[in-house]
Amino acid sequence: MSELKVYNSLTREKEIFNPITHGLVGLYVCGPTVSGESHLGHARPYITFDIVYRWLMHSGYKVRYVRNITDAGHFEEEGRAAEDKISKKAILEQLEPMELVQKYTNLFHWAMHKLNNLDPTIEPTATGHITEQISMIEKIIADGYGYEVNGSVYFDVAKYNTDFSKKDEPYGMLSGRVLDEMIATTRDLDNQTEKRNTADFALWKNAPPEHIMRWTSPWGMGFPGWHIECSAMSTKYLGSEFDIHGGGMDLLFPHHECEIAQSNVCNHKIPARYWIHNNMITINGKKMGKSYNNVITLTQLFSGDNPVLQQAYHPMVIRFFILQTHYRSTLDFSNEALQASEKGLKRLWEAYENLKKLSMISDHQSMVNTELDTKVNKLLNEFDEFMNDDFSTAKVLANMFELVPVINGIKDQHIAAGSISAETMELLKQNIQFFVEEILGLKSESETDNNKFDGVMQLLINMRKDARVKKDYATSDKIRNELQTLGIQLKDDKNGNISYVVN
RNA sequence: GGUUCCGUGGCCGAGUGGCUAGGCAGAGGUCUGCAAAACCUUCCACAGCAGUUCGAAUCUGCUCGGAACCUCCA
């Protein structure tokens with residue numbers, strides 16, 4: 001099998017993946033801020049890293065997958081209202097902060113399960129790790145890279161940059177920014193007087209009594225800064241140096257850059273070896289995001305309840321839509337694109353269902369069509385290769401679609417069952433099943449997989465068959481057409497069999 | 001202004017120096033009681049200009065257009 005290669009944002013190159021400890025992988029992914037509902041844009045990183053997680057496990061690694069829940073509201077920038085997002089909304093909604101956080105955490109988990117994302121192995125919360133964060137800040141201060149002003153603590157970026165540039169680890173090494181240029185071009189913000197430098201960032205923020213979320217600290221009552229939670233939690237659960245750190249590209253700077261600086265001071269190491277970033281989902285060419293006021297929440301997407309949506313989209317359609325694109329490309333949302341995905345997924349899934357029912361009658365080795373047999377084997381064997389090439393789910397799907405006509409052809413007997421060898425048929429069944437369900441994480445759209453329903457359908461199908469034999473087309477068409485209006489499609493195949501699909 | 005990236009056929013999207021990705025839509029056909037589905041065939045492409053090369057959508061330069069980040073953000 002080929003070696004796994006991943007694109008590393010840190011080096012801007014595709015690199016062969018080698019874990020720090022043989023057989024084990026530490027994976028940290030920045031999780032949601034549960035002060036609001038998850039939207040389509042949030043679905044992408046979690047699906048992307050679900051694929052990474054699944055593929056690493058398949059590759060034989062024992063993976064610790066840590067994805068945090070940010071439930072301690074990050075404040076806005078200095079100068080704006082001195083209250084964090086969560087406390088602000090809590091007042092508006094007349095809810096306790098914890099109640100609000102719980103609500104959106106539950107909703108997030110619900111959506112993740114709908115999208116068939118596996119649960120991370122550890123899902124730590126920021127509020128559950130206040131002491132770890134405080135310890136880390138104390139260490140940063142002790143080492144001279146943090147300073148306290150009026151109960152808040154800031155990270156001294158300039159000092160860090162000067163000292164660590166000597167080790168070839170300047171501030172900006174991940175995002176390609178040069179500190180001096182940044183200082184020269186940073187916008188003027190109000191109330192920056194506490195900071196020594198505009199590029200400095202908060203480690204701890206003083207909070208007044210009216211601020212709901214606050215904790216005691218060596219510097220008084222307050223709450224942790226923007227980036228420290230990820231450093232504290234990744235260090236705690238994955239160690240001072242771990243394998244993969246993931247998240248959206250928009251977190252590259254400043255979030256991940258600051259994480260590197262903080263962790264490097266505390267642990268004397270760049271925290272992660274491989275930094276993987278997924279690209280954004282756009283809508284009309286613009287990033288989907290709160291600031292753009294163009295978000296479609298996942299609940300809206302699943303229900304169709306948003307003016308820009310022409311219909312509801314099944315969670316599996318969303319997953320398929322995202323997997324058809326490489327994770328580092330932008331993906332533009334439109335109803336047309338989603339509808340195309342819906343149809344494509346349906347076709348793929350039906351072929352998969354057909355494949356499962358194919359019997360293994362291929363003992364006529366003399367009939368094997370070598371050319372077809374070779375082609376099928378090639379397409380199947382490339383699944384591994386494509387996944388190992390920076391998780392190219394789009395290519396895996398393309399190959400699957402090339403196999404669809406082969407599967408359907410055998411089913412419809414356009415292609416003789418013996419055209420491919422028994423071994424190839426077995427590989428076809430195994431690989432398609434494994435990659436569709438276990439790696440890509442697709443599952444049936446229909447919720448009607450039960451024997452009673454199927455029994456009723458078989459009854460109707462048999463009635464239609466009888467009517468057709470009697471040439472009673474009025475009855476046979478009535479059964480077909482009325483089922484159609486219920487969203488159940490009957491399909492006649494060549495040899496008189498009838499199958500059904502629930503739309 | 002700085003940093004980074006992108007521009008592929010009607011739409012969505014892979015891709016990389018020579019070998020037509022794929023999906024959706026369109027056209028024609030096979031099958032069918034009719035239809036659907038399926039299957040077969042097929043149209044449409046690499047933003048523009050110049051260069052490197054035997055050969056470029058793929059490398060280089062420039063031009064035009066777009067995006068992300070620089071502020072919470074997946």
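The values are calculated or read from the model by the stated rules, or taken from the named source; none is laboratory data. Every value quoted in this text rests on a predicted model; they were computed, and no experiment measured them. Here the Cβ positions follow ideal geometry from the backbone for every residue, glycine too, while neighbour counts run over all protein chains shown. For accessibility, only protein heavy atoms count, side chains too; no ligands or nucleic acids. Shrake-Rupley method; radii C 1.70, N 1.55, O 1.52, S 1.80 Å.
Here are the numbers for the structure shown:
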| read-out | value |
| --- | --- |
| Wholly within segment A:271-388, helices (runs of 4 or more DSSP H) carrying at least 2 residues that are surrounded by fewer than 19 Cβ atoms within 10 Å (Cβ to Cβ) and near RNA strand B (Cβ under 8 Å from one of its atoms) | A:335-357 |
| Any hit, segment A:204-211, residues being under 22 Å from A:Glu123 (Cα atoms) and assigned by TED's automatic domain parsing to the domain that holds A:Gly146 | no |
| Pair list, Cβ < 7 Å and 6+ apart or interchain, from segment A:459-485 residues that are open to solvent by less than 100 Å² (accessible area, probe 1.4 Å) to residues that are more than 10 Å from RNA strand B (Cβ to nearest atom) and at pLDDT below 90 | A:Ile461/A:Tyr500 |
| Residue check for A:Ser359: farther than 20 Å from A:Pro315 by Cα, modelled with pLDDT under 95 and in contact with a Leu (Cβ under 8 Å, 6 or more places away or on another chain) | no |
| Of the criteria (1) at pLDDT below 95; (2) assigned to a helix (DSSP H, G or I), which one A:Asn264 fails | (1) |
| Tabulated pairs, segment A:281-300, first on the phi > 0 side of the Ramachandran plot and touching a residue at least 40 places away in the same chain (Cβ under 8 Å), second open to solvent by 20 Å² or more (accessible area, probe 1.4 Å) and near RNA strand B (Cβ under 6 Å from one of its atoms), C-beta under 6 angstrom, 6+ apart or interchain | none |
| Evaluation of A:Ile415 against (1) surrounded by 15 or more Cβ atoms within 10 Å (Cβ to Cβ); (2) within 13 Å of RNA strand B (Cβ to nearest atom); (3) assigned to a loop (DSSP other than H, G, I, E, B); (4) within 31 Å of the chain's Cα centre (by Cα) (one fails), failing number | (4) |
| Residue among A:Ile461, A:Ile479 that alone is within 27 Å of A:Gln311 (Cα to Cα), modelled with pLDDT of 90 or more and more than 8 Å from RNA strand B (Cβ to nearest atom) | A:Ile479 |
| Selection status of A:Lys443, away from RNA strand B (no atom under 14 Å from the Cβ), outside any helix (DSSP H, G or I) and open to solvent by 40 Å² or more (accessible area, probe 1.4 Å) | yes |
| Condition met for A:Trp215 (open to solvent by less than 30 Å² (accessible area, probe 1.4 Å), more than 14 Å from RNA strand B (Cβ to nearest atom) and either at pLDDT 90 or above or closer than 22 Å to A:Leu10 by Cβ (or both)) | no |
| Residues satisfying the stated conditions in segment A:396-405, i.e. surrounded by 17 or more Cβ atoms within 10 Å (Cβ to Cβ) and either near RNA strand B (Cβ under 8 Å from one of its atoms) or over 18 Å from A:Ala351 (Cβ atoms) (or both) | A:Leu397, A:Asn399, A:Met400, A:Val404 |
| Segment A:402-426 residues that are free of Cβ contacts under 8 Å to residues at least 60 places away in the same chain, paired with ones that are near RNA strand B (Cβ under 7 Å from one of its atoms) (beta carbon under 6 Å, 6 or more apart) | A:Val404/A:Ala351; A:Ile407/A:Ala351; A:Asn408/A:Ala351; A:Ile415/A:Gly409 |
| Residues satisfying the stated conditions in segment A:13-33, i.e. closer than 30 Å to A:Ala126 by Cβ and more than 19 Å from the chain's Cα centre (by Cα) | A:Phe17, A:Pro19, A:Ile20, A:Thr21, A:Leu24 |
| Segment A:118-160 - residue that is open to solvent by less than 60 Å² (accessible area, probe 1.4 Å), among the hydroxyl-bearing types (Ser, Thr, Tyr) and assigned to a helix (DSSP H, G or I) and, of those, farthest from A:Trp215 (Cα to Cα) | A:Tyr160 |
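Residue by residue, here is whether (1) crowded, with 21+ Cβ neighbours inside 10 Å; (2) within 12 Å of RNA strand B (Cβ to nearest atom) holds:
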site	(1), (2)
A:Asn197	no, yes
A:Pro208	no, no
A:Gly222	yes, no
A:Trp226	no, yes
A:Ser231	yes, no
A:Thr235	yes, no
A:Ser240	no, no
A:His245	yes, yes
A:Val265	yes, no
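Conditions (1) in contact with a Ser or Thr (Cβ under 8 Å, 6 or more places away or on another chain); (2) of a type in the set (A, V, I, L, M, F, W, C); (3) at pLDDT below 95, marked per residue:
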residue	(1), (2), (3)
A:Ser165	no, no, yes
A:Asp180	no, no, yes
A:Ile183	yes, yes, yes
A:Leu189	yes, yes, yes
A:Phe201	no, yes, yes
A:Ala207	no, yes, yes
A:Gly220	no, no, yes
A:Gly239	no, no, no
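Here's the yes/no breakdown for (1) within 19 Å of A:Ile322 (Cα to Cα); (2) open to solvent by 10 Å² or more (accessible area, probe 1.4 Å); (3) polar (S, T, N, Q); (4) in contact with a Pro (Cβ under 8 Å, 6 or more places away or on another chain):
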| position | (1), (2), (3), (4) |
| --- | --- |
| A:Glu3 | no, yes, no, no |
| A:Asn8 | no, no, yes, no |
| A:Asn18 | no, yes, yes, no |
| A:Pro32 | yes, no, no, no |
| A:Gly41 | yes, yes, no, no |
| A:Gly60 | no, yes, no, no |
| A:Ile69 | no, no, no, yes |
